[in-house]
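The values are calculated or read from the model by the stated rules, or taken from the named source; none is laboratory data. All of these numbers come straight from a predicted model, not from anything done at the bench. Here the Cβ positions follow ideal geometry from the backbone for every residue, glycine too, while neighbour counts run over all protein chains shown. To get the accessible areas, we keep the full protein, side chains included, count just its heavy atoms, and leave off ligands, DNA and RNA. Shrake-Rupley method; radii C 1.70, N 1.55, O 1.52, S 1.80 Å.
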Amino acid sequence: MIENARIRSRIVASVLLICIIAWTIILVNPAPLMFHAHHLVTYSGASRSSFPIILLLRQLAYLVLGWVIMLSAMMSPTLIESIQHVAERSFKRQRGRAIGLFIIGYVTVWIVTNSAILLIMLSISLLELPSHHLIIGVSIIAFLWQCSPIKQRSLNRAHNHRELAAFGLAADLDTLYFGITHGSWCISSCWALMLFPMVLPQGHVAAMATMTFLIVSERLEAPKTPTWHLRFPGKLIQISIAQTQILFSSQLLKQE
Amino acid sequence: MAYTRNNAWDNNGTFQNTSLLWYAKGVGIMQTRALDDLNSWWFFAAIHGEYLNETNYPGWGSIPGPPQVPTTPLPSKSIQDSYWNQCQHQSWYFPPWHRGYLLALEAQIRAAVVSLGGPKNWALPYWNYLGPNNQYKMPPAFAQQTLPDGSPNPLFVEARYGPQNDGDIFIPIPPVSEQCQDNTLYTGSNPNTPRPGYGGPNTGFSHSGRLSGNLESNPHNQVHVDVGGQAPQGNVWGLMSDPGLAALDPIFYLHHANIDRMWAEWNAKGNSNPTASNWLNGPAAVGQREFIMPMPDCNAWVYTPAQVNSLSQLNYEYADLSSPAPTQPVAFDATTRRLTRLGLPPTVVAQGDRMDNENSLELVGTHDGTISLKSSGARVQLRLAPEVNQQVISSFAATSEGTLPDQVYLELENVRGAQDAYKLTVNVNGQTAGTVALFGLRRASMEDGQHGGQGLTFVLDVTEIIDNLHMNNALDVDSLDVRITPNNSISEDANISVGRISIYRQSYQ
């Protein structure tokens, strides 16, 4: 909780830079790099032919790289507080190492989960359902998850920044474990929102941008009691409106 | 009309003090109203914080009376969401939110007093426990079971156990002090102002936060815990000890009137409040809840810190608010004191080097691993990183070159538990680093609470201890001895733990 202003500003700048680079890659060159990352159903719909293509090793490398880019674009803004937590609780000479271990833990758990989801989706694709069935199914699941107390509990847990050891192997293991647990709670809260763009036959980038907005908005909300409720994460909109009003009224005051 | 808030200890703090007598009658009127009445005592207490959904203590249905606290009828959910659980703690909004809260409560009581034929200029009295003579004791009117006319005294509260858990209500001085009044920075730090500053850290809406500001930490938090205390037997603690119960106790508002008076006095000394728009416009400026109070005319008063920034904007004053013009910058005194302690002439440090450098904060050492606190307290060795400790030592040598040595802080982080009614005294190598009160611990430890159950954080300025170690050639060591001692026996159910203890340096170079 003892904060270092320089550490925070560096983390914010770095994370935003990574986020911008990731979005640039997505916008400039969505195919072939991003093709498999957010495209579980081919443009012609699901088919048995999806399976052997994906299983090619080269394609798998593209897939993982695409996921990392997608993760950087959609999730990196939510990691500022956690990275700051790790950096400020580490010795100066070990800050880079600690942040690296945290990110390795975080990304690994996402890749493992994405792989599992991919296998499930590919299995479903073997059923050769019309693509709109898959979209409707995922939409219903995503909506129910959004309203569920499990989602709120996951969001709450992602706010809990655990104590970390500072010395030796214990420090390394703690930061790695923190990355894994923090990533797990993020996945639990965001997986449905991130899955949705992946099943769309088109409009992925717009859907990803919308989901990113929702995910960041949700993370700006304070924890709440987990209950079933309709969740409209409009925190970013609220902040924008409030700040615009303040700016507008201060300009009026200056004119007077 | 300008209202004057007077000292509760006028006329020896008895019902001879008419401010107290009319306060009691006004509280009585508010207590006759239903929980869902926005003008009721119970509704106002819930604005601060409530435990209406809990079955066992501190659930409001299991509070030992008096007062007999109702748990029904509940107002609508939208009313609850707008008004309840609003108090700002561990935040730079702590002083202004409570100022607005007091104004609203005072208006309610005044309306009740006037309806009873009382004075139209009635104002809330304050309890200056740091004042001379017997003022460290609770005004006697609060301990009377009946009013002078023989009717029950609404100021009397059963669950008020005191610092020794024996029902004797007083404020131990020290450790309670007005040292924060020497601070010169609202948020941040400088040689006179330890982190996180007089008014508190920069936060959003913070019903339950992590790190208290210096005014909030001492005296505010300590007085809460000292008055509330813990029942001699069982797991019941005093109302004042817990933010979800505190505003049920009428002494709460006199305590906060004194905190408000101290803030006004601090401003009168020439210290400034924040000018950042996020502070002036309140948490609504970042899309969060607004500060809102019910007023006697049934209208809602929505306010921002900018509207309660100074007493000159408002319609009340304090009877004995002193505003001495500073004869010289206080920072000069603090720096001089430190240089004197180090055996150096005051002229060695230039004025421009006296502000701290928040960017230079760096971890020096830790005790890794969670400590479970029992009645006997805890003692640990805080391991130092040799190369960083050498930088602290080197900073003393740099003093002769015109800069102050490092400022050093001890941090107790992720302090969690189920009961708030404890104070912990922290010693470093046999020297007292400070005393902290665990007010707000229970809420800060809830996994679905506002900060996800991270618990409280305490930061103690241990620079003087480090200076003394340096002067005794005892600073070039691998570890520091840290001892934590609770003020009273800790209940088994309290489950108090400290996640990590750390030491940080902050350089002026």
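For A:M74, the accessible surface of its heavy atoms amounts to roughly 0 Å² (probe 1.4 Å, protein chains only, rounded to the nearest 10).
Put A:F232, B:F458 in order of accessible area, largest first, 1.4 Å probe: what do you get?
Values: A:F232 165, B:F458 20 Å².
From most accessible down to least: A:F232, B:F458.
Per the Debye formula on identical point scatterers at the alpha carbon atoms of the protein assembly as shown, with no solvent, log10 I(q)/I(0) at q = 0.11 Å⁻¹ is -1.25. In the assembled protein chains, A:I111 presents an accessible area of approximately 40 Å² (probe radius 1.4 Å). Near the amide H of B:V364, within less than 5 Å, lie the amide hydrogens of B:I503, B:Y504, B:R505, all on another chain or at least 5 residues away, with H placed in the peptide plane. Any idea what angle helix B:94-115 forms with the longest principal axis of chain B, computed on alpha-carbon atoms, 0 to 90 degrees, nearest 10? Approximately 20 degrees, to the nearest 10.
In order along the range B:191-199, phi translates into HN-Hα couplings of x, 8, 10, x, 4, x, x, 4, x Hz, rounded to whole numbers, per the Karplus curve 6.51 cos²θ - 1.76 cosθ + 1.60 with θ = phi - 60° and x for Gly and Pro.
Report the residues of the range A:154-188 in range of a label on A:I18: point 7 Å along Cα→C-beta, backbone N strictly under 20 Å from it. Residues A:158-162, A:164, A:172-188 fall inside that zone.
Extension gain for the segment B:I393 to B:N133, taken as residue separation times 0.36 nm less the Cα-Cα distance, is 89.2 nm to one decimal. Counting every C-alpha pair in the range A:88-206, the share spaced more than 18 angstrom apart comes to 61%.
Shape annotation for the range B:91-237: C-alpha extents along the principal axes are 54, 40, 32 Å, from largest to smallest. Taking the empirical scaling 2.2 N^0.38 Å for compact globular proteins as reference, the range B:350-506 has a Cα radius of gyration ratio of 1.12. For B:L185, the residues whose modelled amide H falls within less than 5 Å of its own, excluding neighbours fewer than 5 places apart on the same chain, are B:Y198. If R0 equals 35 Å, the separation of the Cβ atoms of B:F170 and B:N56 corresponds to a calculated FRET efficiency of about 0.75.
Tally Lys/Arg at +1 and Asp/Glu at -1 over every other residue whose Cβ is under 12 Å from the Cβ of B:L321; what's the total? It would help to have the intermediate numbers written out before the result.
Details: positive: B:R5, B:R261, B:K269; negative: B:D260, B:E265, B:E317, B:D320.
Every neighbour counted, the sum reads -1.
Here is how the number arises for chain B: DSSP H runs of 4 or more residues each give -39500 (n - 2.57), the sum is divided by the residue count, and the result at 222 nm is -7000 deg cm²/dmol.
What whole-number distance in Å separates the alpha-carbon centres of the range B:115-172 and the range A:131-208? The two parts, judged by their Cα centres, are 52 Å apart.
If I take all pairs of Cα atoms in the range A:5-255, what percentage of them are more than 24 Å from each other? Don't skip to the end; give the middle numbers.
Numbers: 16539 of 31375 pairs.
Tail of P(r) above 24 Å: 53 percent of Cα pairs.
For the range B:1-70, the equivalent ellipsoid derived from the alpha-carbon gyration tensor has semi-axes of 28, 15, 11 Å in decreasing order. Taking the centroid of alpha carbons for each part, the range A:59-108 and the range B:433-509 are 30 Å apart.
The alpha carbon radius of gyration of chain B, expressed as a multiple of 2.2 N^0.38 Å, is 0.98.
Averaged over its residues, how many other protein chain Cβ atoms are within 10 Å of peptide B:286-295's Cβ atoms?
On the way: counts 7, 13, 7, 1, 1, 0, 0, 0, 0, 0.
That works out to 3 on average.
Residue-wise HN-Hα couplings along the range B:471-477, as the Karplus relation 6.51 cos²θ - 1.76 cosθ + 1.60 with θ = phi - 60° gives them from phi, are 5, 9, 6, 10, 9, 7, 10 Hz; Gly and Pro carry x.
Each residue of the range B:118-128 was assigned a 3J(HN,Hα) from its phi angle through the Karplus expression (A = 6.51, B = -1.76, C = 1.60, θ = phi - 60°), giving x, x, 6, 9, 4, 9, 5, x, 10, 10, 8 Hz with x at Gly and Pro. Here the calculated FRET efficiency for B:S375 and A:S115, from their Cβ-Cβ distance with R0 = 51 Å, stands at 0.50, rounded to the nearest 0.05. Under the simplified labelling scheme, the A:W228-A:N29 pair shows an inter-label distance of 4.8 nm, with each label point 7 Å from Cα along Cα→Cβ.
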